[in-house]
Amino acid sequence: MCGIIGYVGSRTALPLILEGLKNLEYRGYDSAGIAVISNDQLRIKKDVGRVDRLLADPNFNKTKGVIGIGHTRWATHGKVCVENAHPHTDCTEKIAIVHNGILENFRELKSELLKRKHIIRSETDSELIAHIIEEYLKIKPTFLDAFSEALKRLEGSYAILAIKADEKVILGAKKSSPLVLGVSEHGIFISSDIPSFLEHTKNVVYFHDGDIVKASPDGFNVFSNEAKVHRPIDTIDWDVEQVKKGDFDHFMLKEIMEQTETIQRAIQQDETIVKQISEAFKSAKGIFFVGCGSSYHACLAGSYVFSKISNLHVNVCLGSEFENFEHFLTPETLVVAISQSGETADTLGAVRVAKKKGCKILTIVNVMGSSLMREGEVSLLLKAGPEMCVLSTKTYTSQVALLTLLAFVVADRLEDGKNEMKKLWLEIYKLTSRTMREHIRKLAHPMINAEHVYLIGRGLQYTTALEAALKIKEVSYIHAEAFAGGELKHGTLALIEEGTPCIVFVSGENNKIIQNVHEIKSRGGVIIGVSPQQNEIFDFWIKVPEVGLLSSIIQIIPIQILSYYLAVLKGLDPDRPRHLAKSVTVE
Ligand code: G6P
């Protein structure tokens, strides 16, 4: 999705906004733009491609001015072109806005503005906002009043920042799209996400839906329903090093390597809260785990673990499909919504359906203050630190680790769970060692020319296969598909040809999966075994420790590394796969 950022303070805004935009690029990177107020005039630069393209204009880079806004785009309305890049301006070119979200009443607003003779220059829904503010400025006394009236006309989701050439303020508003404010010593940042200003401050203010913020060099005020409201300043415990690559070429590898620590942090939870949550699990009549993408795969892994460790049945549902099951929701249902960002629209939508039915809601997120966190009665934080690569790696394993811990708590075996998981630290360290990475890199070499990769597993290993397939396809663009071992013979076996790479996840004494591997091998498949034991049927063996019910936390790691090398060896950017965004805030 798009990323937006604004700065108002005592420093030159342009470099701060550029730097912030780079840290928001994971939200979208098909075009970018900046507007700065300089000598009571708007100076705007936008271009298709990555934020770095904005640096190409040395004249613009000298622009002074202490107020500015920026945007990095993931196209929804309108193709990727300079005209559709933000910021957008009104007819007078005095007002500039940036927007993340979707306006549902776009057509109606556009035809109304065209009747009023507005000159609309782009295909976007966002541009209309600037023109609506322009309209209201004709009848309202202040920029804030006009902005606030304009918002009443918008249906859909938005995080918006607006500036006006002759005003020393930034106005912001949010509804169902993320927006957070940072208070630094030299000025105020307002942005889609904290990493964009973490280098300057850890003091953040979270907004509620419907809030309007007015920020100036002197500070900020928040309004809700036209009255001033207090929103507290919180301190985030993220570290600025976490939003830098350090010695790594890419965030993806850095974040894979961090898993030794992130797993430990994920299970450091307040025991009183965790025990309360356990009671909610035990008393619930119907439990749903809901998520999207990798978070959905974590939900699936969690359901197996809950079945085996706590003898509890859990329904697993994609966020976007959840409404189909609303007939089964009652006030006694427990809905556990899982999301790295806490902003995924489909997951938020599911929670809103559940809330209407009076269900109990537990949310598990990585981003403090995120929308999902505020929707739940109880929320647990993954504590993985900011994840900058578009692909989920460390947050996926943290989600599975935390769900596994909860399964142990529900089984009244909290200490057992902690002790079991402590054994993982060293194992993850070994799995991410240089020797292991080199071993996997050798496997990646011949695989870069593969058109298809198939992955199989049974039980927990099936859920790992699903997540592993997602990693491979989203970063290397190789078609990868996962199956439960038993399903292969029901169709997919027809696709196996001489040399087709097939990754098999093995744990315990699961001989049935080896039987499936024989079926593949006899049709020419090349077998890559992710397994504690060597087997003569493997053409390539990735040794993983036997950790039983914790296997989905660690068996994914070699395939995260494999995916990384597949991308790098193909000359692709693993942090920014094409067409994808980290946080998908539209349905
Ligand atoms: C996007 C990302 C995925 C992620 C999914 C859910 O599609 O590219 O990596 O798994 O959203 O995100 P969430 O923030 O809800 O975990």
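The values are calculated or read from the model by the stated rules, or taken from the named source; none is laboratory data. Given the structure is predicted, the values throughout are model-derived calculations rather than measurements. Don't worry about glycine lacking a Cβ; one is built from the backbone with ideal geometry, like all the others, and counts go over all protein chains shown.
Taking the stretch 347-362 on its own, how many of its residues are more than 12 Å from the ligand (Cβ to nearest atom) and assigned to a helix (DSSP H, G or I)?
Total meeting the criteria: 5.
Six or more apart or on different chains, Cβ under 8 Å: which pairs go from a residue in the stretch 200-218 that's within 22 Å of residue 374 (Cα to Cα) to one that's buried (at least 16 other Cβ atoms within 10 Å of the Cβ) and of a type in the set (Phe, Trp, Tyr)? Could you list them?
Partner pairs satisfying both residue conditions: 202/238; 205/220; 211/223; 212/147; 212/223; 213/207; 213/220; 213/223.
I'd like to check which strands (runs of 3 or more DSSP E) are fully inside the stretch 187-278 and have at least 1 residues that are of a type in the set (Ser, Thr, Tyr) and on the phi < 0 side of the Ramachandran plot.
In the stretch 187-278, the matching strands (runs of 3 or more DSSP E) lie at 187-191, 203-206, 212-216, 219-224.
Pick out the one residue from 36, 8, 51 that is at pLDDT below 95 and in the same structural domain as residue 84 (by TED's automatic domain parsing).
Just one listed residue meets the conditions, 51.
Looking at 313, 297, which is the one that is in contact with a Ser or Thr (Cβ under 7 Å, 6 or more places away or on another chain) and buried (at least 23 other Cβ atoms within 10 Å of the Cβ)?
The unique qualifying residue is 297.
Identify the residue in the stretch 179-223 that is small (Gly, Ala, Ser) and within 18 Å of residue 11 (Cα to Cα) and, among all such residues, is surrounded by the fewest Cβ atoms within 10 Å (Cβ to Cβ).
219
Check residue 562 against each of (1) part of a loop (DSSP other than H, G, I, E, B); (2) buried (at least 18 other Cβ atoms within 10 Å of the Cβ); (3) more than 16 Å from the ligand (Cβ to nearest atom) and name the one condition it does not meet.
Evaluating residue 562 over (1) part of a loop (DSSP other than H, G, I, E, B); (2) buried (at least 18 other Cβ atoms within 10 Å of the Cβ); (3) more than 16 Å from the ligand (Cβ to nearest atom) leaves (1) as the failure.
Can you work out which of the residues in the stretch 121-163 that are assigned to a helix (DSSP H, G or I) and small (Gly, Ala, Ser) is surrounded by the fewest Cβ atoms within 10 Å (Cβ to Cβ)?
If we take residues in the stretch 121-163 being assigned to a helix (DSSP H, G or I) and small (Gly, Ala, Ser), then 148 is surrounded by the fewest Cβ atoms within 10 Å (Cβ to Cβ).
Could you tell me how many of the residues in the stretch 281-328 are assigned to a strand (DSSP E or B) and away from the ligand (no atom under 16 Å from the Cβ)?
2
Go through (1) charged (D, E, K, R); (2) touching a His at 6+ places or on another chain (Cβ under 8 Å); (3) at pLDDT below 90 and name the single condition residue 573 misses.
Looking at each condition in turn, residue 573 falls short on (3).
Quick check on the stretch 370-382. Is at least one of its residues buried (at least 19 other Cβ atoms within 10 Å of the Cβ) and either away from the ligand (no atom under 15 Å from the Cβ) or at positive phi (or both)?
Checking the stretch 370-382: not a single residue is buried (at least 19 other Cβ atoms within 10 Å of the Cβ) and either away from the ligand (no atom under 15 Å from the Cβ) or at positive phi (or both).
Among the residues in the stretch 258-276, are any surrounded by fewer than 19 Cβ atoms within 10 Å (Cβ to Cβ), within 16 Å of the ligand (Cβ to nearest atom) and among the acidic types (Asp, Glu)?
Within the stretch 258-276, not a single residue is surrounded by fewer than 19 Cβ atoms within 10 Å (Cβ to Cβ), within 16 Å of the ligand (Cβ to nearest atom) and among the acidic types (Asp, Glu).
Quick one: count up the residues across the stretch 449-464 that are touching a Gly at 6+ places or on another chain (Cβ under 6 Å) and either within 16 Å of the ligand (Cβ to nearest atom) or assigned by TED's automatic domain parsing to the domain that holds residue 395 (or both).
Counting residues in the stretch 449-464 that are touching a Gly at 6+ places or on another chain (Cβ under 6 Å) and either within 16 Å of the ligand (Cβ to nearest atom) or assigned by TED's automatic domain parsing to the domain that holds residue 395 (or both) gives 1.
Could you check residue 567 against (1) part of a helix (DSSP H, G or I); (2) within 16 Å of the ligand (Cβ to nearest atom); (3) touching a Gly at 6+ places or on another chain (Cβ under 9 Å) and say which number it fails?
(3)
Output the number of residues of the stretch 245-265 satisfying the condition of being among the aromatic types (Phe, Trp, Tyr) and either in contact (Cβ under 8 Å) with a residue 12 or more places away in the chain or closer than 17 Å to residue 382 by Cβ (or both).
Qualifying residue count for the region: 1.
Report those strands (runs of 3 or more DSSP E) wholly inside the stretch 1-120 carrying at least 1 residues which are free of Cβ contacts under 8 Å to residues at least 60 places away in the same chain and touching a strand residue (DSSP E or B) at 6+ places or on another chain (Cβ under 6 Å).
31-38, 41-48, 95-103
Per-residue answers, yes or no, for (1) assigned to a loop (DSSP other than H, G, I, E, B); (2) at pLDDT below 90; (3) surrounded by fewer than 24 Cβ atoms within 10 Å (Cβ to Cβ); (4) away from the ligand (no atom under 14 Å from the Cβ):
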{"site": "364", "(1), (2), (3), (4)": "no, no, no, no"}
{"site": "368", "(1), (2), (3), (4)": "yes, yes, yes, no"}
{"site": "387", "(1), (2), (3), (4)": "yes, no, no, no"}
{"site": "392", "(1), (2), (3), (4)": "yes, no, no, no"}
{"site": "396", "(1), (2), (3), (4)": "no, no, no, no"}
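Within the stretch 32-42, is even one residue touching a Lys or Arg at 6+ places or on another chain (Cβ under 6 Å), surrounded by fewer than 20 Cβ atoms within 10 Å (Cβ to Cβ) and hydrophobic (A, V, I, L, M, F, W, C)?
So far as the stretch 32-42 goes, no, none of its residues is touching a Lys or Arg at 6+ places or on another chain (Cβ under 6 Å), surrounded by fewer than 20 Cβ atoms within 10 Å (Cβ to Cβ) and hydrophobic (A, V, I, L, M, F, W, C).
Restricting attention to the stretch 434-448, does a residue exist that is surrounded by fewer than 24 Cβ atoms within 10 Å (Cβ to Cβ), modelled with pLDDT of 95 or more, within 16 Å of the ligand (Cβ to nearest atom) and under 27 Å from the mean Cα position of the chain (by Cα)?
No, the stretch 434-448 contains no residue that is surrounded by fewer than 24 Cβ atoms within 10 Å (Cβ to Cβ), modelled with pLDDT of 95 or more, within 16 Å of the ligand (Cβ to nearest atom) and under 27 Å from the mean Cα position of the chain (by Cα).
Restricting to the stretch 464-502, what's the tally of residues that are of a type in the set (S, T, N, Q) and touching a residue at least 60 places away in the same chain (Cβ under 8 Å)?
Selection size over the stretch 464-502: 2.
Restricting the search to the stretch 329-346, which residues are of a type in the set (Val, Ile, Thr) and either more than 16 Å from the ligand (Cβ to nearest atom) or under 23 Å from residue 581 (Cα atoms) (or both)?
330, 333, 338, 344
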